[in-house]
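Notes for the one structure printed next.
The values are calculated or read from the model by the stated rules, or taken from the named source; none is laboratory data. Note that the coordinates shown come from a computational prediction; the quantities given were computed from them, not determined experimentally. Every residue, glycine as well, gets a Cβ built from its backbone with ideal geometry; the counts of neighbours run over all protein chains shown. These area figures cover heavy atoms from the full protein model, side chains too; ligands, DNA and RNA do not enter into them. Shrake-Rupley method; radii C 1.70, N 1.55, O 1.52, S 1.80 Å.
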Amino acid sequence: MGMKWFGRVVLLLYAVIIAAPLYFVFISSFKSTQHFFASPLGWPKPFTLSNFSSMFKGQTIVKYFWNSVEVTLGTVLIELLLGSLIAYAIFRLGGRLATVLFALFLAGLIVPSQVNMLPIYSLTHKLGWSDRLYGLILVSVAMLMPLTVFMLKGFMQVLSKEILEAGSIDGAGEWTLYSRIALPLSAPSLAATATFLFVMVWNDLLIPMLLINSKSKLTLPLAMLQFRGEYVTDYPMLLTGVVITAAPMVVLFLFLQRYFVAGVMAGSLKG
């Protein structure tokens, strides 16, 4: 009984640690600047929506929002298509060659992304991809591909080789086996990977900061830097932007949480 209550207390403390910053960000978005500095942790008095109305004034934040949507959806869709094809090919190939190919992708996880910043900037500049949203998408796809292949390879291991072999006997080609059998069976795993990638790309600041220069092409995380000045930072507006930025991720997870948990469990059961 004592250990049971101890576990509950630990979980309660962990929940408080997680919830406290969320509470602070949420209530601060409804405060004026004066009240924020007067009572950082207090409830908004008065409760105001002026920060949100200021955010959407002139539709600027809407442009940044759609920039983030375009970059995130483009990156995630290409990642899932190419990553699932590569993971399926490695799974079906088997043997030493598959091990070598998988090891090459794993090597991409070893090098920190910050080390690649200079070559990426130089290459994108020479290719004319700088300050282009499609350039940001392609660079994000390349940098996240090792992680995507690593995740989907583990999920593909759960697939039954007997089902694929039965399809081969019936005359199905590899593309049919991939599109009609492997992908439908991997739907929960793909949803889990998509959720994970969505969060990473949506919140990414480093790559957009490296490649994007035009104000009209800023993504939401990059646009939030506008509220930080050299001497003064508009914290209520900055935290309001954080709430707006986080909202799509919360909605996405609420819709896909069942598939996310199922996909994670499927990837962990093998072996």
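I'm trying to understand the selection: among the residues of segment 169-190, which are closer than 20 Å to Thr148 by Cα and of a type in the set (Ser, Thr, Tyr)?
Within segment 169-190, Tyr178, Ser179, Ser186, Ser189 meet the criteria.
What helices (runs of 4 or more DSSP H) completely inside segment 38-114 contain at least 1 residues that are at pLDDT 90 or above, within 17 Å of the chain's Cα centre (by Cα) and within 14 Å of Met143 (Cα to Cα)? It would help to see each step written out before you state the result.
Working: elements: 50-56, 60-93, 95-110.
Fully inside segment 38-114 and qualifying: 60-93.
When you go through Gly128, Gly135 one by one, which is the residue that is in contact (Cβ under 8 Å) with a residue 24 or more places away in the chain and more than 23 Å from Thr176 (Cβ to Cβ)?
Working: Gly128 fails: in contact (Cβ under 8 Å) with a residue 24 or more places away in the chain.
Gly135 is the lone residue from the list that is in contact (Cβ under 8 Å) with a residue 24 or more places away in the chain and more than 23 Å from Thr176 (Cβ to Cβ).
Regarding Ala182, is this residue open to solvent by less than 20 Å² (accessible area, probe 1.4 Å), part of a helix (DSSP H, G or I) and of a type in the set (Gly, Ala, Ser)? Talk me through it step by step, then tell me what you get.
Working: open to solvent by less than 20 Å² (accessible area, probe 1.4 Å): yes; part of a helix (DSSP H, G or I): yes; of a type in the set (Gly, Ala, Ser): yes.
Against the criterion (open to solvent by less than 20 Å² (accessible area, probe 1.4 Å), part of a helix (DSSP H, G or I) and of a type in the set (Gly, Ala, Ser)), Ala182 qualifies.
So that you can scan it fast, the table gives a plain yes or no per residue for (1) at pLDDT 75 or above; (2) surrounded by 18 or more Cβ atoms within 10 Å (Cβ to Cβ); (3) not in a helix (DSSP H, G or I):
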{"residue": "Leu164", "(1), (2), (3)": "yes, yes, no"}
{"residue": "Pro188", "(1), (2), (3)": "yes, yes, no"}
{"residue": "Ala194", "(1), (2), (3)": "yes, yes, no"}
{"residue": "Phe198", "(1), (2), (3)": "yes, yes, no"}
{"residue": "Ser216", "(1), (2), (3)": "yes, no, no"}
{"residue": "Tyr231", "(1), (2), (3)": "no, no, yes"}
{"residue": "Met237", "(1), (2), (3)": "yes, yes, no"}
{"residue": "Gly241", "(1), (2), (3)": "yes, yes, no"}
{"residue": "Ala246", "(1), (2), (3)": "yes, no, no"}
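If you scan segment 145-162, which residues turn out to be open to solvent by less than 60 Å² (accessible area, probe 1.4 Å), in a helix (DSSP H, G or I) and modelled with pLDDT under 85?
Gly154, Phe155, Met156
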